[in-house]
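The values are calculated or read from the model by the stated rules, or taken from the named source; none is laboratory data. Worth saying up front: this structure is predicted, and the values here are computed from it rather than measured. No Cβ is skipped: glycine too gets one built from the backbone with ideal geometry, and neighbour counts run over all protein chains shown. Areas reflect the complete protein model, heavy atoms only, side chains present, ligands, DNA and RNA absent. Shrake-Rupley method; radii C 1.70, N 1.55, O 1.52, S 1.80 Å.
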Amino acid sequence: MSTTHAVEGVVDAGATSLLRFATAGSVDDGKSTLVGRLLHDSKSVLADQLEAVERASLGRGQEAPDLALLTDGLRAEREQGITIDVAYRYFATPRRRFILADTPGHVQYTRNMVTGASTAELAVVLVDARNGVVEQTRRHAAVAALLRVPHVVLAVNKMDLVGYEESVFAAIAEEFTSYAASLGVQEITAIPISALAGDNVVTASANMDWYGGPTVLEHLETVPVVANPSDDPGRFPVQYVIRPQTAEHPDYRGYAGQIASGVLRVGDPVTVLPSGRTSTIEAIDALGQAVDVAWAPQSVTLRLTDDLDISRGDLIAPTASAPSASQDIEATVCHVADRPLTVGHRVLLKHTTRTVKAIVKDIPSRLTLDDLSQHPAPGELAANDIGRIVVRTAEPLALDAYADSRRTGSFLLIDPADGTTLTAGMAGTAFAEAAADAAPAPEADDDGWDF
C-alpha cells in the first residue's frame, strides 16, 4: 500500500468516529435542557446520575427531573438555573462518538462560548421560538462564523409553547439563515424542537408532521466533518527538544510535538521558521516506533539530517508550502477580558508553542452585530467585542491565515502582568472584510516593548 493510500485509509476509517460540537444561544433558550435530553434519550446517562438529578429536582420543588442539571455542574449554576462555565460531556451512539461543549448564554460569559467553539466542528445555536433571533443569537452566530465552525444547526426550541406552528419556525429559520449566510456560514440546518418534551431531539415529533427533516441526533450522527489531512499543508510546532546524551543514544537529537495540520514524510525537505534554515526529515518516531509518515493530530518526534539551532516555539514545515514569517499581524479578534483592549496595549502573543512580546498598533474597526457594519476607529474593544486589530511582535511569527488553518492561524493575546487571556485572534480577514481608515497609532515607549 502506498503512503498516500495508507494515510487516506486511516483517516477514512475514523472519519465518522468522533464529532466535537458546541451548543450556544441566548439566556434560557434551553441549551442545557437540550443537552440533558440528548444524553437521556440516547441512553447515555448512568442510573446514579439520573437518580442524583431526580433528587436535586425534588429539592427544588420540581416534579419531573430537570435534565439541565446533567450539565450544569457548578453549585452557582444549579442555584441560579443558568450555565456559567463550559460543561464538557462525552457520549456515544452505535454510529459515532461525541464530545460536546455546553456553553453559557449570558453576554458576560460569551468568552466561554469562544472557548467551547474554538475546537468544534459543529455548533448548535438555540433560539426560543417565542422570542426569535435576538442580539445574543447574532453574537453567537458571529463567533461561530469567526471561528470557522464548518457546520451550524439552528435549533428552534420551545415549539410546544407556540403551538408547534410551522409559520413561527419558518420565519425564525429564514431570518437566522439570512444573517448567518451574510457572515459566510456555508451550511445551516434548521430543526424545530422541544427539548423539554423531547420533540425532534432523538426521536421524530408526532406534533410537527409538517417537518420532514432529521432530528438533532440524526443530523449529528451523519454530518461529514473530517477532511483528509493530505489536503492541508504540513505544520509542526516544536514543543520540546529531546537530547538523551546516553551511551545508547549519544547523538540523538529529536524535536517533539503535535502535528498541527497536514502530513509529514521521511525525506521531505523542510524549512524551520522563523530562522528560515532548511533540512530534510531523516526519521519520524511515533509511540517509540520509527514510521515513514505521520499526520495531524499525531504527536511525534522528528529527526533532521542537519544539526540546526531549533528550540521550543519554532515551526517546521515542508519547504514547498512553508508560511512566511512576519512581525506585523492583521487579525479579527474577539475580546474576552473585562479590561478593554486599546491602541498601545502591551501584551504577550501566544501562537502554537511560541510566546512573544507584542504591541497593539491599531484598532481599525469594531463589528456592529445588528447590521454587520464596521464601526471605524473605535479606540478600544470592550469585553465580548469583535473587531479588527493590527499587532506588531518583537520576533517574527509564521502564521497562516485562519481561513486556511484553524490551528496555525489562531493566537491569544495575554496580559504580561498576570497571565490573563485578553483576546482570541484569527489572522487574516475572516468575515470582517471592511476595515476603515484609523488615526495614527501612538508611539510605544522605549522600555523593551518598542519594536
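In Å and whole numbers, how far do the C-alpha atoms of segment 271-364 stretch along each principal axis, longest first?
The Cα atoms of segment 271-364 stretch 49, 26, 21 Å along their principal axes.
Work out how much length E174 to D292 would gain on full extension: take 0.36 nm times their residue separation and subtract the Cα-Cα distance, in nm to one decimal. Walk me through the numbers on the way to the answer.
Numbers: separation 118, 0.36 × 118 = 42.48 nm, distance 5.02 nm.
Additional length available on full extension: 37.5 nm.
Could you order peptides 420-427, 182-189 by the average number of other Cβ atoms within 10 Å of their residues, highest first? List each step's numbers first, then the result.
Values: 420-427: 22.0, 182-189: 15.9.
Top of the packing list down: 420-427, 182-189.
Once the other residues with Cβ under 11 Å from the Cβ of T352 are scored (Lys, Arg +1; Asp, Glu -1), what is the net sum?
Its environment carries a net charge of +3.
Using only alpha carbons, build the gyration tensor for segment 326-427 and give me the equivalent ellipsoid semi-axes, biggest first, whole Å.
Details: eigenvalues 81, 50, 29 Å².
So the equivalent ellipsoid measures 20, 16, 12 Å along its semi-axes.
When the Kirkwood radius is taken over all Cα pairs of segment 127-190, what Stokes-Einstein diffusion coefficient follows at 25 °C and 0.890 mPa s, in µm²/s?
Numbers: Rh = 11.9 Å.
Answer from the Stokes-Einstein relation: 206 µm²/s.
What does the charge add up to near A294, with Lys and Arg as +1, Asp and Glu as -1, over the other residues with Cβ less than 13 Å from its Cβ?
On the way: positive: R235, R265, R303; negative: D268, D285, D292.
My count for the surroundings of A294 gives 0.
Can you give me the Kirkwood hydrodynamic radius for segment 328-387, using every pair of distinct Cα atoms, in Å to one decimal?
Working: mean 1/r = 0.0812 Å⁻¹.
This gives a value of 12.3 Å.
Roughly what percent of Cα-Cα pairs across segment 184-259 reach past 19 Å?
Details: 1835 of 2850 pairs.
Here the tail beyond 19 Å accounts for 64 percent of pairs.
Leaving out same-chain residues fewer than 8 places away, which lysines sit with a Cα under 23 Å from that of K31?
K43, K158
Write down the Kirkwood hydrodynamic radius of segment 236-318, to one decimal in angstroms, obtained as one divided by the mean of 1/r over all alpha carbon pairs. Mind showing how you got there, number by number?
Values: mean 1/r = 0.0794 Å⁻¹.
After inverting the mean inverse Cα-Cα distance, the result is 12.6 Å.
To the nearest 0.05, what FRET efficiency results for N228 and T368 with a Förster distance of 45 Å applied to their C-beta separation? All intermediate terms of the calculation are to be shown ahead of the outcome.
Values: r = 38 Å, r/R0 = 0.85.
E(calc), rounded to 0.05, equals 0.75.
Once fully extended, how much extra length lies between A377 and E135, figured as 0.36 nm per residue of separation less the alpha-carbon to alpha-carbon distance? All intermediate terms of the calculation are to be shown ahead of the outcome.
Details: separation 242, 0.36 × 242 = 87.12 nm, distance 2.24 nm.
Extending this stretch completely gives an extra 84.9 nm.
Length gain on complete extension for the stretch V27 to D307, per 0.36 nm per residue less the alpha carbon to alpha carbon distance?
Details: separation 280, 0.36 × 280 = 100.80 nm, distance 5.60 nm.
Taking 0.36 nm per residue and subtracting the Cα distance, the gain is 95.2 nm.
Please work out the FRET efficiency for the pair E187 and S326, using the Cβ-Cβ distance as r and a Förster radius of 22 Å; give the result to the nearest 0.05. Working shown, then result.
Numbers: r = 32 Å, r/R0 = 1.47.
Taking R0 as 22 Å, the efficiency between E187 and S326 is 0.10.
Using only C-alpha positions, report the orientation-averaged shadow area of the convex hull of segment 139-250, nm², one decimal.
12.0
Any idea how far the Cα center of segment 258-316 sits from the one of segment 360-430, in Å?
When both Cα centres are located, 29 Å separates them.
Given R₀ = 22 Å, what would the calculated FRET efficiency be for E395 paired with T119, taking r from the Cβ atoms and rounding to 0.05?
Working: r = 27 Å, r/R0 = 1.21.
Working from the Cβ atoms, E equals 0.25.
Given a 1.4 Å probe, how much area per residue of segment 236-318 is accessible, in Å²?
Working: 4010 Å² over 83 residues.
Result: 48 Å² per residue.
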